[in-house]
Amino acid sequence: MTDHDVRVLDESEFRAAHTLFRGALHHPPAPDDTWKLVRESYEPGRAFGAFVDGELVGTAQSFPSRLAVPGGAVVTNAAVSRVGVRADWTRRGVLSSVQRAQLRGLRSAGEVVATLRASETAIYGRYGYGVATRFRLLRIDRRQAAPRTRPAGRVRLVDGESGERIARGLFEELSPRRAGTIARWPAWWAFNVRQAAAEDNLKLAVRSGASGDDGYVAFKVTPGVHDATDEKPTTLSVLDLWARDAEAWADLWLFVLGIDLVAEVTAFGRPVDEPVEWLLGDRRACRVADVADETWLRLLDVPAALAARTYAAGEPVVLGVRDTYLPENAGSYRVAADGVTRVDDAPELVLDVDVLASAYLGDVSFSTLAAARRLDVVEAGALARADALFAAAEVPWCGTYF
Ligand SMILES: CC(C)(COP(=O)(O)OP(=O)(O)OC[C@H]1O[C@@H](n2cnc3c(N)ncnc32)[C@H](O)[C@@H]1OP(=O)(O)O)[C@@H](O)C(=O)NCCC(=O)NCCS
């Protein structure tokens, strides 16, 4: 496959790259006022472009972030986004060239992992990305829901500016407690909260308990038609919800379920273990409309990533890792409860780096991956040992869409 001319883009080329990306998603170029905001999210050195005869034909970019891993540590994370190839240049290896340059560039810059959201599932596995977290899409018939309990604390509506400040503070405090969450960059808040509050009817509500503010929910109500047919119900979408403890969490859900003139409450991107249906008098009012892949994780620096997380008790296992795009990751790793060492020993389980990424946060076990023929089992007893070591205390979840 030809290697196209790929390089880091100059600031003067950011707008063309953004236009190309939007075009690949079938959107028109951003108007001038939107571009002003978008421009802030392009950081020097982080956007790549592929050129053919001097013309930009493909691009990818990343936001600076961090990923929380099992055990409480955080590692550097490049949140990869705005990946696109011009429609008249697809399936000629342009993305592969961009990926080669981006993966190499990010690893050289010291990033430990990269994460992304995939528009289509067929694209990123070949570059070493594996599905590492999942989310649920909930649809709740509000009038049928009949919550079983009443709020224990106080939930208040707050305006956009103070709401964003409180939400950011709570998010930064609470999110790293869960493996799979990522740090948000300033432009994430500017787009998803500030602009959405000003232009898109986004509302923020903050919960307070005995020790002050301890959770928030961001939501949006799309008015429907109030008539007997219910053809177009008024819908409340929960866009972001974080709570310090179970009490705050329940109050925030009870608050949104209690808002009048709403027929349906939807929540996109929620954790798979969130017990919303258990709050309701009629659990069938809460329908799981989808369980989908959320984080696509790329371990850029496998030794650093394996060393960053903790492991549960158990006997050691030797993993043999394959990585064609970043071959320095390839080799044998002895994973034990007290740490990870690179060894020359024969591997007991052999797997590609995307499969290791899927198991890394603990969302899926090695046994499940082996059953699906995603790894080679050299030593049968190794599967149970790997399962025990990588077992997650809590289901990993990201909760930040980008
Ligand atoms: C997805 C996209 C970036 C791929 O770019 P591309 O330059 O066509 O990809 P490449 O030619 O380098 O493809 C490399 C391999 O991936 C496969 N592939 C790439 N995109 C694919 C897709 N959408 N579906 C199935 N296979 C795909 C190619 O067939 C090729 O396989 P091969 O190596 O076996 O021949 C491009 O199609 C695009 O811009 N799509 C619209 C925007 C989009 O979805 N962006 C991603 C946002 S997350």
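Values in this text are rule-based calculations from the coordinates and carry no lab data. Values in this document were obtained by computation on a predicted structure and should not be read as measured data. Every residue, glycine as well, gets a Cβ built from its backbone with ideal geometry; the counts of neighbours run over all protein chains shown.
The table below gives the values:
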quantity	calculated
Every residue from segment 213-262 that is of a type in the set (A, V, I, L, M) and in a helix (DSSP H, G or I)	A246, A248, A250, L252, L254, V256, L257
Answer from P70, P64 - the residue that is in a strand (DSSP E or B) and more than 11 Å from the ligand (Cβ to nearest atom)	P64
Positions within segment 380-402 being free of Cβ contacts under 8 Å to residues at least 60 places away in the same chain and surrounded by fewer than 18 Cβ atoms within 10 Å (Cβ to Cβ), in sequence order	A380, G381, A384
Residue under evaluation A197, criteria (1) surrounded by 18 or more Cβ atoms within 10 Å (Cβ to Cβ); (2) part of a loop (DSSP other than H, G, I, E, B), criterion not met	(2)
Filtered residue count, segment 239-266, keeping only those that are among the hydrophobic types (A, V, I, L, M, F, W, C) and farther than 17 Å from R143 by Cβ	9
Scan of segment 290-317 for residues that are in contact with a Cys (Cβ under 9 Å, 6 or more places away or on another chain) and charged (D, E, K, R), ordered by number	E294
Filter result for A380 (over 22 Å from N77 (Cβ atoms) and either within 25 Å of the chain's Cα centre (by Cα) or of a type in the set (G, A, S) (or both))	yes
R178 vs. criteria among the charged types (D, E, K, R), crowded, with 17+ Cβ neighbours inside 10 Å, away from the ligand (no atom under 16 Å from the Cβ) and under 29 Å from Y325 (Cα atoms)	no
Within segment 63-81, considering residues that are within 18 Å of L103 (Cβ to Cβ) and more than 13 Å from the chain's Cα centre (by Cα), the one surrounded by the fewest Cβ atoms within 10 Å (Cβ to Cβ)	P64
Strands (runs of 3 or more DSSP E) wholly inside segment 98-177 containing at least 3 residues that are in contact with a helix residue (DSSP H, G or I) (Cβ under 9 Å, 6 or more places away or on another chain)	129-131, 134-141, 154-158
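To keep it simple, each residue is scored yes or no on (1) of a type in the set (G, A, S); (2) assigned to a loop (DSSP other than H, G, I, E, B); (3) at negative phi.
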{"residue": "R334", "(1), (2), (3)": "no, no, yes"}
{"residue": "D345", "(1), (2), (3)": "no, yes, yes"}
{"residue": "D363", "(1), (2), (3)": "no, yes, yes"}
{"residue": "S367", "(1), (2), (3)": "yes, no, yes"}
{"residue": "D387", "(1), (2), (3)": "no, no, yes"}
{"residue": "W397", "(1), (2), (3)": "no, yes, yes"}
{"residue": "T400", "(1), (2), (3)": "no, yes, yes"}
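Residues checked against (1) farther than 30 Å from E394 by Cβ; (2) surrounded by 14 or more Cβ atoms within 10 Å (Cβ to Cβ); (3) more than 12 Å from the ligand (Cβ to nearest atom):
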site	(1), (2), (3)
V6	yes, yes, no
H27	yes, no, no
T34	yes, no, yes
V57	yes, yes, no
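Let's see how each residue does on (1) away from the ligand (no atom under 12 Å from the Cβ); (2) closer than 17 Å to V302 by Cα; (3) surrounded by fewer than 23 Cβ atoms within 10 Å (Cβ to Cβ):
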site	(1), (2), (3)
S96	no, no, yes
Q99	no, no, no
R104	yes, yes, yes
R107	yes, yes, yes
A114	yes, yes, no
I123	no, no, yes
V131	yes, yes, yes
R139	yes, no, yes
